[in-house]
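See structure below.
The values are calculated or read from the model by the stated rules, or taken from the named source; none is laboratory data. Quick caveat, the model's predicted, so the values are computed rather than measured. The accessibility values were calculated without ligands, DNA or RNA, using every heavy atom of the protein model including side chains. Shrake-Rupley method; radii C 1.70, N 1.55, O 1.52, S 1.80 Å.
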Amino acid sequence: MAASLRLRGAVSGLRYWSRRQQPAVASLAAVCSRSMASKTPVGFIGVGNMGNPMAKNLMKHGYPLIIYDVFPDACKEFLDAGEQVVSSPADVAEKADRIITMLPTSINAIEAYSGANGILKKVKKGSLLIDSSTIDPMVSKELAKEVEKMGAVFMDAPVSGGVGAARSGNLTFMVGGVEEEFAAAQELLGCMGSNVVHCGAVGTGQAAKICNNLLLAISMIGTAEAMNLGIRLGLDPELLAKILNMSSGRCWSSDTYNPVPGVMDGVPSANNYQGGFGTTLMAKDLGLAQDSATSTKSPILLGSQAHQIYRIMCAKGYSKKDFSSVFQFLREEETF
């Protein structure tokens, strides 16, 4: 099974590289105000751009952390703050029975769970394992089967909202897993997000996230195209953004995460497109959407075009920039 997981993850990585219930939503205040909430240690694996502020919000709510990241420097500030830093995912599993993983790709998630020093090497029976990575839904389902064999519980809980929402604790979590375990996951996730939504069985959280990021990529490209056209027609970009945001073209990419430098403070476009959600990761997520569309025979015409645009951007030096740098890419392309 581990071999099949790695094969599936490798395929996803190379492309950049049941019961259904009415969704239940929990507010941050309702979840995190519980006086009886257990403050036993929580494992956190992956403290990059998103994982770092997520873990810090757990700390703010009184949870001691057991931290691991493949890059030791990423753990330094947690070590300085008195949190435990260990040398492998297996060590996290040995010390904590509730673990959150936040990793870039399917391959990374498979390695963290099923690798030689993975979580499953030392996981305790009854442990709750929550994966907030955005990965192939089929990988989530297969990881869940492996976790279940060890007597533990796996839930997929990818996030939306970006680094800003991660810092403020206002993420949206899309959770897939058995409904009976949702309350336990909700206790932790509600301390990092303002919306915690149960989507159904394992894999449905990933499905919701893939659909969300498909739309996000399309709307970001559309916003960048509209802003670029307006600027070339002589419009002031701040004025154009204001008009869009009081008109029918308004979207998250225009009113919260505008891709044009100088229009909005506190977003990657105001910082040379540093930080935020990388172009490589958006290309990866669009690859997952493409895979899902193929397997379900669903036409995603604009989604496929968006995938190609972000793949081209990765090849042209934008891989480490935020995905909103598509505006800069369009500006630099004389012909497209």
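Distance cut-off 31 Å, Cα to Cα: go down the list 39/284; 95/145; 56/124; 39/122 and report the pairs above it.
Details: 39/284 35 Å; 95/145 22 Å; 56/124 25 Å; 39/122 21 Å.
Violating the 31 Å Cα-Cα cut-off are 39/284.
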In sequence order, what are the phi-derived ³J(HN,Hα) couplings for the range 244-253 according to the Karplus relation 6.51 cos²θ - 1.76 cosθ + 1.60 with θ = phi - 60°, rounded to whole Hz, with x for glycine and proline? 4, 7, 10, 10, 6, x, 4, 7, 4, 5
Sorting 255, 131 on solvent-accessible surface, 1.4 Å probe, most exposed first, gives 255, 131
Calculate the all-directions average of the projected area of the range 266-320's alpha-carbon convex hull, and give it in nm². 4.1
Once Rh for the range 44-98 is found with the Kirkwood sum over Cα pairs, what is the Stokes-Einstein diffusion coefficient at 20 °C and 1.002 mPa s, in µm²/s? 195
Starting from the Cα gyration tensor of the range 56-144, take the square roots of the eigenvalues, sort them a ≥ b ≥ c, and report rounded, prolate or oblate (rounded when a/c is under 1.5, otherwise prolate if a/b is larger than b/c, else oblate). prolate
The range 72-127 - percent of accessible surface contributed by carbon and sulfur, probe 1.4 Å: 48
Could you calculate the contour length gain from residue 298 to residue 274, that is, 0.36 nm times the residue separation minus the distance between their Cα atoms, to one decimal place in nm? 5.2 nm
Share of Cα-Cα pairs in the range 226-336 lying beyond 22 Å, as whole percent: 38
³J(HN,Hα) computed for each position of the range 110-123 - Karplus, 6.51 cos²θ - 1.76 cosθ + 1.60, integer Hz, glycine/proline x: 4, 5, 5, 8, 10, x, 4, 10, x, 3, 5, 5, 9, 5
Give me the 1.4 Å probe accessible area per residue for the range 119-218, excluding ligands and nucleic acids, in Å². 33
Calculate the all-directions average of the projected area of the chain's alpha-carbon convex hull, and give it in nm². 17.4
Where does the chain land at 222 nm, in deg cm²/dmol rounded to the nearest 500, when only DSSP H runs of n ≥ 4 count, each adding -39500 (n - 2.57), divided by all residues? -14000 deg cm²/dmol
Averaged over every viewing direction, what's the projected area of the C-alpha convex hull for the range 162-233? Give it in nm², one decimal, please. 5.6
Per residue, what accessible area does the range 237-336 have, given a 1.4 Å probe and all protein chains present, in Å²? 51
For the range 87-210, count the residues as N, evaluate 2.2 N^0.38 Å, and divide the Cα radius of gyration by that value, please. 0.96
Two decimals is fine: what is log10 I(q)/I(0) at q = 0.12, 0.14, 0.20, 0.26 Å⁻¹ for the range 207-290, from a Debye sum with one equal scatterer on every Cα and no solvent? -0.37, -0.50, -0.94, -1.29
